[in-house]
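**Q** What follows is a single structure, and I will ask about it in a moment.
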Amino acid sequence: MKLLNETLKKISTLDAEAMKKASLHIDSLFKPLKSLGRLEDLAIQLAGITKNPFPSVDNKAIIVMSADHGVYEEGIAPDPQSITAIQTPNFAKGLTGVCALAKQARADVVIVDIGIAKDIQDHRVINRKIRYGTSNMAKGPAMTREEAIKSLEIGIEVTLDQIKNGKKLIGTGEMGIGNTTPSTAIFSVIGGIDPEEIVGVGAGLPTEKLKHKAAVIRKAIEVNQPDPKDGIDVLSKIGGFEIGGMVGTMLGAAAERIPVVVDGFISTAAALIAITIEPKVKDFLIPSHYTAERGGKVAIELVGLKPMFDMELRLGEGTGAALAFNFIEAATFMVKEMGKRP
Ligand SMILES: Cc1cc2ncn([C@H]3O[C@H](COP(=O)(O)O)[C@@H](O)[C@H]3O)c2cc1C
Ligand SMILES: O=C(O)c1cccnc1
C-alpha cells in the first residue's frame, strides 16, 4: 500500500510552460499553421508530460502482463485456458504479434507472469505471480482487496525498473485467455451500461454464446456489487491480475512523467480503473487505436480519449501500442527536425 500511495501522491498535472513553448515552436515551423494536425497535439502533450518541449522517446518498451481467470470455467472464451501459459514464453522468444510490431518500432517487450494458472519455466518471463489465476467472479470476488493492491504495486515496480533502465516511452500489453470478460464487466460497472450492449466475441467466441457471456458478466456484477467510484473495489471484485498490473504501469509511468500508451479493449479497462483511482493520470495516457472488439468505442469514450487510428486490430498484447509508438516518435522528430519559417 505504501508504494501505491507514494505513486499516487507523485502524479501531478501537465507542465503548462513546456506545452506553451512546444506550441509556439510548432507554430513557427515552415508549414501552414496546424497543418500537422494531431501530430502537433501529440508533441504538445509530450512536452507537458516530460516538462521538455523537445523530448526524445527513442528508448521504448511494451510491458505485457499475463494472467488467468477463474471465470473461464463459465464457458466465456473460445480457447483452452492453457493457451495463456503456452503463449507467454513466446513473448520472451519474440514470436508473438506484439513482438513483431515492437521489433519494427525498435521497442523492447517485457513479459510478466502476474497470475498464470501454471508455472512458467522460461527465466526471461519475470515471475511476479500473485496466485494461479483469479477466482471465478461469477461466484464471488475475483481476488481480495490486498491482492488487487499487490497487482497495482507489481505493475508500478516493473514499470519503475524499466524507467530506471532509461525507457522514455511505455506501452501496455496483456495476455490472458478470458480477459475480455472482466474488461466488459469493468466497463459495465463504471459506465453504468448493461453488459449485453457492449459484450463482444473476444478471441472468437461463437456469436450464439454472446448472450451467455453477457449473463455471466451480469451475474458477477450482481454477486459482487462493486462500487463504481472505487477503482480498487472494481478491480478486486470483477477484474484480473493482468488488468491490475496494467493499471500499475499507467500509474507508475504517470508518476515518473513518462508517456504511457493505451492499447486495446483490456488496456482500456485498465485505463478506466486508473482514472477512477486517480483522474490526473488521464493526461499522461496516450490512446493508440480503436479496437474492433464490440464495445471498444464506447469503452474508450468512457475513458475520454480519442484514439489515433483504426486498423481493425482485435488482438491485444500491446500490438496497437507498438504501432502507435511510430506516431509518437514521429511527433518528436517533427519538433526537432523541421526548419523554421523565414
Ligand atoms: C493464440 C492467442 C493469442 C492471443 N494474444 C492475445 N490474445 C487476446 O485474446 C484473449 C482475450 O480474448 P477472450 O476473452 O475471448 O479469451 C487475451 O489473451 C488477449 O490478449 C490472444 C488469444 C489467443 C487465442
Ligand atoms: O482489443 C483488444 O485488446 C482485444 C480484443 C479481443 C481479444 N483480445 C484483445
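**Q** Sort Lys209, Lys237 by Cβ crowding within 10 Å, fewest neighbours at the top.
**A** Listing Lys209, Lys237 from fewest to most nearby Cβ atoms yields Lys209, Lys237.
**Q** Based on the Cβ-Cβ distance from Glu301 to Lys10, what FRET efficiency comes out when R0 is 25 Å, to the nearest 0.05?
**A** Values: r = 28 Å, r/R0 = 1.12.
Result of the calculation: an efficiency of 0.35.
**Q** Here's a follow-up. Test of understanding: what is the full-extension gain from Lys340 to Asp310, defined as 0.36 nm times their sequence separation minus their Cα-Cα distance? Don't skip to the end; give the middle numbers.
**A** Numbers: separation 30, 0.36 × 30 = 10.80 nm, distance 3.21 nm.
Separation in residues times 0.36 nm, less the Cα-Cα distance, equals 7.6 nm.
**Q** Rounded to a whole number, what is D in µm²/s for the stretch 198-342 from Stokes-Einstein with the Kirkwood radius over alpha-carbon pairs (20 °C, 1.002 mPa s)?
**A** 130 µm²/s
**Q** Another one. Rounded to the nearest Å, what's the spacing between the alpha carbon centres of the stretch 250-266 and the stretch 104-154? Just the number, please.
**A** Their Cα centres are 17 Å away from one another.
**Q** Give a residue-ordered list of calculated ³J(HN,Hα) values for the stretch 43-59 (Karplus: 6.51 cos²θ - 1.76 cosθ + 1.60, θ = phi - 60°; whole Hz; x for Gly, Pro).
**A** 3J(HN,Hα) across the stretch 43-59, in whole Hz: 4, 5, 4, 4, 4, x, 5, 8, 6, 9, x, 10, x, 10, 10, 6, 9.
**Q** Search the structure for amide H atoms under 5 Å from the amide H of Glu317, placed 1.01 Å from N in the peptide plane, and list their residues when 5 or more places away or on another chain.
**A** Correct list: Glu174.
**Q** Under a point-charge model restricted to the Cβ atoms of Lys and Arg (+1) and Asp and Glu (-1), what is the dipole moment magnitude of the stretch 83-145 relative to its Cα centre, in debye to the nearest 20? Spell out each step's value before the answer.
**A** On the way: 10 positive and 4 negative charges, 30 e Å.
Computed about the Cα centre, the dipole is about 140 debye.
**Q** Then there is this: Read phi for every residue in the stretch 141-150 and hand back ³J(HN,Hα) as whole Hz from Karplus 6.51 cos²θ - 1.76 cosθ + 1.60, θ = phi - 60°, with x for Gly and Pro.
**A** Each residue's phi maps through the Karplus curve to give x, 4, 7, 7, 4, 4, 5, 4, 5, 4 Hz.
**Q** At a Cα cut-off below 20 Å, give the lysines reachable from Lys219, other chains included and same-chain residues fewer than 8 away excluded.
**A** Correct list for Lys219: Lys139, Lys209, Lys211, Lys229, Lys237.
**Q** Using modelled amide H (1.01 Å from N, peptide plane; none on Pro or chain starts), what sits under 5 Å from the amide H of Ile286, excluding residues fewer than 5 places away?
**A** Val260, Val261, Val262
**Q** Shifting gears a bit: For the stretch 21-32, in order, what is each residue's ³J(HN,Hα) by Karplus, 6.51 cos²θ - 1.76 cosθ + 1.60 with θ = phi - 60°, in whole Hz (x at glycine and Pro)?
**A** Result, rounded to whole Hz: 4, 4, 5, 5, 4, 5, 5, 8, 6, 7, 6, x.
**Q** Would you order Thr159, Thr276, Thr84, Thr207 from fewest to most other beta-carbon atoms within 10 Å of each residue's own beta-carbon?
**A** Lowest count first: Thr207, Thr276, Thr84, Thr159.
**Q** Moving to a separate point now. Please sort 21-34, 191-204 by packing, taking for each peptide the average over its residues of neighbouring beta carbons within 10 angstrom, highest first. Please report the intermediate quantities before stating the final value.
**A** Details: 21-34: 14.4, 191-204: 17.9.
Highest-to-lowest ranking by the protection proxy: 191-204, 21-34.
**Q** Aspartates and glutamates within cross-link reach of Lys306: Cα-Cα under 17 Å, excluding same-chain residues under 8 positions apart?
**A** The reachable aspartates and glutamates, counting only those whose Cα sits under 17 Å from Lys306, are Glu40, Asp41, Asp263, Asp283, Glu293.
**Q** How about Lys164: which aspartates and glutamates have a C-alpha closer than 13 Å to its C-alpha, ignoring those fewer than 8 places off in the same chain?
**A** Glu256
**Q** Further, regarding this structure: If you take the alpha carbon radius of gyration of the chain and divide it by 2.2 N^0.38 Å, what ratio comes out, to two decimals?
**A** 0.95
**Q** Only bridges with both residues in the chain count here: give the DSSP antiparallel percent, nearest 5. Write out the running numbers ahead of the final one.
**A** Details: 1 of 24 bridges.
The answer is about 5 percent antiparallel.
**Q** Still on this structure, I have one more. If neighbour count is taken as other Cβ atoms inside 10 Å, put Glu222, Glu174 in order from fewest to most.
**A** Numbers: Glu222 9, Glu174 30.
Starting with the residue having the fewest Cβ neighbours, the order is Glu222, Glu174.
**Q** Using amide H atoms built in the peptide plane, which far-off residues or other-chain residues are under 5 Å from Gly202 H to H?
**A** Arg294
Taken together, the values in this text are just the output of simple stated rules run on the coordinates, not laboratory data. The model shown is predicted, which means the values in this text are computed figures rather than measured ones. Backbone-built Cβ (ideal geometry, glycine too); neighbour counts: all protein chains shown.
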